[in-house]
Every structure is written in structure tokens, then in C-alpha cells.
Amino acid sequence: MSAVTPGVPAPASGSDPLAVGELLVPPSSRTALAVRLLLAVGLLVSLLQSLTEPVERPLGDLLHGLQEGEVRTVTMARPEPGAEAHGTWEVRWTGGGLPGRASYEVAAEDGFHVVDEGQLILDAAKHSPTPVDVTVRYNFLDPGTTWHVGAFVGLAALLWLIGGPQPRLATKWAWFWIACNAPLLWLAFVVLEPVPLWNNRPLPQPPRRLTGGWAFLLSVTAVPFVGGVLMSAIDWLF
């Protein structure tokens, strides 16, 4: 006969038996599971939205993309025709990776000779090997109204972290530090903690969890490096 320890569920057939007295973390309730699923969907939507928005890139990326025939559209702000305007102006483009955004200069050297980087962009678009749809808007680019789903869902995930159950893999402070420095990890948090979404059985609590101090060190060292590599890979893929 096999004894069953009170309070510890019997192992399912074909699974590894749990150690006697091992601390178990129960799966989420139906309500908590629904909240986690909604957060996961919202975070995925925000990720897709971020991939369609322009990211800050060097102006050289645009000029190189135009030279190689990779750029499809260019939208740029320009001074009014005939105006003696100097300063910084914005340009956006698509093609050659993720949508890009940069600034170019219109400046006067020695008060006489004008250096206009915007004209360089227009000339490069004109001589690009492939057709480029160029849109010029005078004085500024209208930013429009964009609802950033990630801001709302990120706040909801933070509230869930604060008021939800204790995580299994890392402490709440640990998840706070690494997720705030790499928002994509909010998705990992809602999917994995305290038990993965696809798991409906209790799981043993690891003997040690990632703590806030170590997570803070990772957030200022490894996380930015990995994030940069990931963004470069996404830019290369797109």
C-alpha cells in the first residue's frame, strides 16, 4: 500500500511523485486565469502595435536604405518655400527594417552657405533604384492621436503584480525591476506566474527564487544588452 500525505495531492498516473512535505503552488483560479489571459492578449496586441510604430534610428540608415532601394515611403517636415528657416526637422520612413524616425538639420555655415540635409534626402529618394513615395509636410509632422495599448496593459500588469498571488519563480520586486526595464517580460510574468497558463496542476516551489537585488543588477546589465540584440534581430527579420 502507498501512503498519501494529507494536504499533498496524489501524483497523476505516469508522473513523478512529489516529495513528502514539498511546498506546492496551486494553479490559478478561474477568475485569476481569465485576468491573466486578458493581460496576455493585451500585451501581445501592444507588442504588434509597437512593431508598426517608428523607432528612433540614425539618419544614415535612411540614406543607406534609399541608396540600396530598400525604402518604400518617406514622410518629412520641411520649411515653407522661401522661408529662411534653420533648425531640426523630422523625417519618417518605411522599408529597410522597422519603420524609422530621425531628425535632419537645416543650418547656415558662416551665416551664408546653407546646409540642408533634407535636400540630401529628397535627392537620394529621387535617385533610389526603386520608386519611393515621398510626402512633404510643411513646418511639422502631425503626430495625430495614437492610443498606446501597452501603457494601459502595462499598468494593469503592474497592478496584478502588486495585488495578485506571490510569484513562484521570482519575488515581486524581482519581476518589477526586470519587467520595467524590459516591458516584453510582463508577458512572461502573466504567462508563467505563479503557474504556467497551460498547467492545471500544482507545481513545487523552487528552493530559491530570483530576488529583487539580483534582478536590479540584471535590469541594468544583461537586460539592456539582450534587449538590444533582440531589437537588432527583429529589425533584421522585418
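The values are calculated or read from the model by the stated rules, or taken from the named source; none is laboratory data. Source: prediction; values computed, not measured. In this analysis, Cβ positions are derived from the backbone assuming ideal geometry, glycine residues included, and neighbour counts consider all displayed protein chains. Heads up: the accessible areas ignore ligands, DNA and RNA and are worked out on the full protein's heavy atoms, side chains in. Shrake-Rupley method; radii C 1.70, N 1.55, O 1.52, S 1.80 Å.
Summary of computed values
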{"quantity": "Any chance residue 175 is over 30 Å from residue 86 (Cβ atoms), of a type in the set (Phe, Trp, Tyr) and open to solvent by less than 30 Å² (accessible area, probe 1.4 Å)", "calculated": "yes"}
{"quantity": "Close pairs (7 angstrom Cβ cut-off, 6 or more residues apart or separate chains): assigned by the TED database to the domain that holds residue 121 in the range 77-99, at pLDDT below 75 and assigned to a strand (DSSP E or B) anywhere", "calculated": "86/108"}
{"quantity": "Unique residue being over 16 Å from the mean Cα position of the chain (by Cα) and open to solvent by less than 50 Å² (accessible area, probe 1.4 Å) when the list is 195, 190, 136", "calculated": "195"}
{"quantity": "Qualifying position, being out of contact with any Lys or Arg (no Cβ under 9 Å at 6 or more places or on another chain) and closer than 25 Å to residue 51 by Cα, among 192, 210, 187", "calculated": "187"}
{"quantity": "Residue within the range 30-46 that is surrounded by 14 or more Cβ atoms within 10 Å (Cβ to Cβ) and in a strand (DSSP E or B) present", "calculated": "no"}
{"quantity": "Residues of the range 205-226 satisfying the condition of being in contact with a strand residue (DSSP E or B) (Cβ under 7 Å, 6 or more places away or on another chain) and either part of a loop (DSSP other than H, G, I, E, B) or among the basic types (Lys, Arg) (or both)", "calculated": "205, 209"}
